Amino acid sequence: MRFVASADWQLGMTAHFLDDQARPRFHQARLEAVRRIGQVAEQHEASFVVVCGDVFETNQLDRAIVAQVFEELRAFTMPVVLVPGNHDPLDAASIYDSPAFADKRPGHVHVLRDSDPFEVVPGAQVVGAPWFSKRPEEDLVARACAPLEPAPPQVVRVIAGHGAVSTLNPDRESLATIDVSSLRDVLDSGRAHVAVLGDRHGTYQVCPRVWYPGTPEVTARREVDPGNVLVVDVDPATGTTAAEKVRVGNWSFLEIEERLDSAADVDLLGQRLMALPDKDRTALWLSLSGTLTLTAKARLDAVVDEARDLFARVDYWQRHTDLAVVPDGHDFADLRLGGFAEAALDELRQQATGDGEGAQTAQDALGLLYRFAGAGR
């Protein structure tokens, strides 16, 4: 039995970190990723698709977003199973109970509202662990598995859950943490063959037969290996399970780390940025260190401004940026200042070489003066 596992579509996410021009492209890319999941499933002759939580960013979404999602899902040629997660739980305001969803849902799209084994196709069952609130007070996967008997002969049983596992969750005391040892017991005892989970946005194998497929399109810069789905093969006779990672995402969130100590270093950074592909689908966070003259810093500002015209986002990651600007004797040599203006410039130079917030303010003032002076020459 072959199926496609995905999770964390988070359709309708605000993407507040992008500007007004890039945000619609990002939203459209997430819908296109759903389309590619259907194409991957068809190309690999998968029997069904399961989405392990957070299909939607929130329960409060415009009905147009739901309509757009259904437009993509109608093209799927196999059943699609949705498991509510922490972003879209089955609470009183559930999007799955809204008229926009309930009245327009394609017949081959199924929402798991309990943990009874659901026969998605003959020979395959999905046991879901849906969320009913944003803060469950127990391991929902363990609760879903507790009543399970061994899977019927020649029937593949898939556990589909959502949440952080005990081997990865930094909050080991969280009541909702998925206990990996108990989940492995379920698999080892034949009550299920494989478990796929949502919540971690990068593709990751927790242990044999337990995977996070990850989000199909990147959502944050710290995610490790997002943008994939898993094509999972299970042989119920032998218990053999294999998963193939398939890329479906088109966006990239990159962190660029560079040390800059000269104008030549700045030019190399500019060349590196311009060599990156798919700029309109790439967001950059720059982590820069080093010491630059005002001339080199002005060149860096020009490089960053040019990149911002092309990329979906370019910004400094302030917490990881330690770039000092120290004016040298050549930066303002052509201005021929005298009197008060020269004294003010000397004071700014002295402040710029110090420490603290005043130094940064002086560096910014000198940089602005240099750019204005350069524009007037």
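Quick notes on this one:
- Checked against the criteria, residue 41 does not count as of a type in the set (A, V, I, L, M, F, W, C), touching a Cys at 6+ places or on another chain (Cβ under 9 Å), open to solvent by less than 60 Å² (accessible area, probe 1.4 Å) and under 30 Å from residue 239 (Cβ atoms).
- The single residue among 76, 101 that is open to solvent by 10 Å² or more (accessible area, probe 1.4 Å), out of contact with any Leu (no Cβ under 7 Å at 6 or more places or on another chain) and at pLDDT 95 or above turns out to be 76.
- Filtered residue count, the stretch 1-15, keeping only those that are out of contact with any Lys or Arg (no Cβ under 6 Å at 6 or more places or on another chain), in a loop (DSSP other than H, G, I, E, B) and within 17 Å of residue 223 (Cα to Cα): 5
- The residue that is surrounded by the fewest Cβ atoms within 10 Å (Cβ to Cβ), among those in the stretch 85-98 that are among the hydroxyl-bearing types (Ser, Thr, Tyr) and part of a loop (DSSP other than H, G, I, E, B), is 98.
- Apart from one condition, residue 126 fits all of (1) among the aliphatic types (A, V, I, L, M); (2) in contact (Cβ under 8 Å) with a residue 40 or more places away in the chain; (3) more than 25 Å from residue 76 (Cα to Cα); the exception is (3).
- Some residue of the stretch 274-285 being touching a Gly at 6+ places or on another chain (Cβ under 7 Å) and of a type outside the set (D, E, K, R): no
- In the stretch 82-95, the residues that are farther than 13 Å from residue 110 by Cβ and either within 22 Å of the chain's Cα centre (by Cα) or in contact (Cβ under 8 Å) with a residue 12 or more places away in the chain (or both): 85, 86, 87, 88, 89, 90, 91, 93, 94, 95
- Strands (runs of 3 or more DSSP E) contained in the stretch 179-272 and holding at least 2 residues of a type in the set (D, E, K, R): 228-235, 240-247, 252-259
- For residue 200: the one exception among (1) under 21 Å from the mean Cα position of the chain (by Cα); (2) open to solvent by less than 30 Å² (accessible area, probe 1.4 Å): (2)
- Selected residue (criterion: surrounded by the fewest Cβ atoms within 10 Å (Cβ to Cβ)) from residues of the stretch 137-178 that are part of a loop (DSSP other than H, G, I, E, B) and aliphatic (A, V, I, L, M): 175
- Restricting 153, 79, 117, 147 to residues that are touching a residue at least 40 places away in the same chain (Cβ under 8 Å), more than 21 Å from residue 51 (Cβ to Cβ) and over 24 Å from the mean Cα position of the chain (by Cα) narrows the list to 153.
The values are calculated or read from the model by the stated rules, or taken from the named source; none is laboratory data. Since the structure is predicted, the reported quantities are computational estimates derived from the model, not experimental observations. In this analysis, Cβ positions are derived from the backbone assuming ideal geometry, glycine residues included, and neighbour counts consider all displayed protein chains. Side chains are part of the model used for accessible areas, which takes the heavy atoms of the whole protein and leaves out ligands, DNA and RNA. Shrake-Rupley method; radii C 1.70, N 1.55, O 1.52, S 1.80 Å.
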